[in-house]
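Just so it is clear, none of the values below were taken in a lab; they were calculated from the coordinates. Remember, it's a predicted structure, so these values are computed and weren't measured experimentally. Ideal geometry is used to build each Cβ from the backbone, glycine not excepted, and the neighbour counts take in all protein chains shown.
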Amino acid sequence: MSEARIKRQYTIVARVYDPLVKLWTKVVGTEVEKELNNFLREHLDETSTILELGCGTARNLEHICSLNLKFKKYLGLDFSPQMLAVARSKFSNNSAIEFKEQDITLIDYPIEKFDIILCTWVLSHFESPSVLVNKAQALLEHGGRFFLIFFTKPKWYINFWLYPLATYLFSAVPVSEKEIRKFNNVRVRHSHASNITTCVEVYDNEAQRT
Ligand SMILES: C[S@@+](CC[C@H](N)C(=O)[O-])C[C@H]1O[C@@H](n2cnc3c(N)ncnc32)[C@H](O)[C@@H]1O
C-alpha cells in the first residue's frame, strides 16, 4: 500500500475522522474498545509513560482522560499533519503530552523505552505489520504492555463486501494470520464482530510465562 496515498487519504479524512470512527466503533468496535478501556484501567497509573503509534486525532488519549486515569508522560506519533492538528487542538498546554510528526516505520530504533504502547487501527496500512510490532515491542520497559487493535479477515460473506470498501476508502487490508503469528510474545488475543476486529496484548521479552 503506497504511503503517499495513505497520507493523502488522512489529509482529506482528518476533519470527519472522529464522527466516522464513532460510527465504525458502534457497528464493529464496541467489544475491542471495552477491552482497551479495561487494559487502560488495569495498567495505567501516575508513573506510566505511554507511546502511541499512529495516534491520529488522539481518540485514545481522550479515552484515558475520560476514564480519569493518570499518567506521567504521553508521546503520540503520526505522519499526518492534519490528523495531528486535530489531536493538538484537543490537548494544548499540557507538558506531559507531546505529539510528533513521524513515520512510524522509519523511527530510529532504539528510542527511549515506555511502560505502555498503544497502536489501534493502524496495522492494516502495512504490508508487514509484524516488523513494526516487533520493533516496537523492543521499546517496552520491563513489565511493559503493548496493546493493539486491528482489522482481521472476517467470514467470506462479510469479507466479500468489506474488503473492497476498506481498501478503497482507507487503503486498509486485514492483518493476516501469518503476520499475527510472527508477533513476539503475544499473551492475550481476542477477536470480535465475526473476526472483523482483533485485539492483542504483547508483553516485554523478560515477562515470565504464566
Ligand atoms: C485509522 S487511523 C487510527 C488513528 C487512531 N489510532 C485511532 O484509533 O483513532 C490510522 C492512523 O495511522 C496513521 N498512519 C498510517 N501509516 C502511518 C505511518 N507509516 N507512520 C505514522 N502514522 C501512520 C494515519 O495518519 C492515521 O492517523
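With neighbours defined as other Cβ atoms within 10 Å of a residue's Cβ, the residues Ser48, Ser194 order from fewest to most as Ser194, Ser48.
Relative to the compact-globule estimate of 2.2 N^0.38 Å, the Cα radius of gyration of the chain comes out at 0.96. Among beta bridges identified by DSSP and lying wholly in the stretch 3-203, the antiparallel ones come to about 40 percent. Inverting the mean 1/r over all pairs of different Cα atoms, compute the Kirkwood radius of the stretch 147-197 and quote it in Å. Taking the inverse mean of 1/r over all distinct Cα pairs, the stretch 147-197 comes out at 11.8 Å.
Pairs from the list Lys90/Lys135; Lys153/Lys182; Lys153/Lys178 with a Cα-Cα gap above 19 Å: Lys90/Lys135. Residue separation of Ser89 and Glu62 scaled by 0.36 nm, minus their Cα-Cα distance, works out to 8.5 nm of gained length.
Among Ile111, Ile97, the order by Cβ neighbours within 10 angstrom, fewest to most, reads Ile111, Ile97. Evaluated with a Cβ-only charge set (Lys, Arg +1; Asp, Glu -1), the chain carries a dipole of roughly 540 debye about its Cα centre, given to the nearest 20. Note on the stretch 95-165: the C-alpha convex hull projects to 6.6 nm² when averaged across all orientations.
In this simple spin-label approximation, Trp156 and Glu98 carry label points 7 Å from Cα along the Cα→Cβ vector, and these lie 5.1 nm apart. Of all complete DSSP H helices in the chain, those with a Cα span along the helix axis of 18 Å or greater and a mean Kyte-Doolittle hydropathy of 0.0 or more are 156-170. Note on Glu33, Glu112: ascending count of other Cβ atoms within 10 Å places them as Glu112, Glu33, the fewest first. A straight chain from Glu31 to Val188 at 0.36 nm per residue would run longer than the Cα-Cα distance by 55.1 nm.
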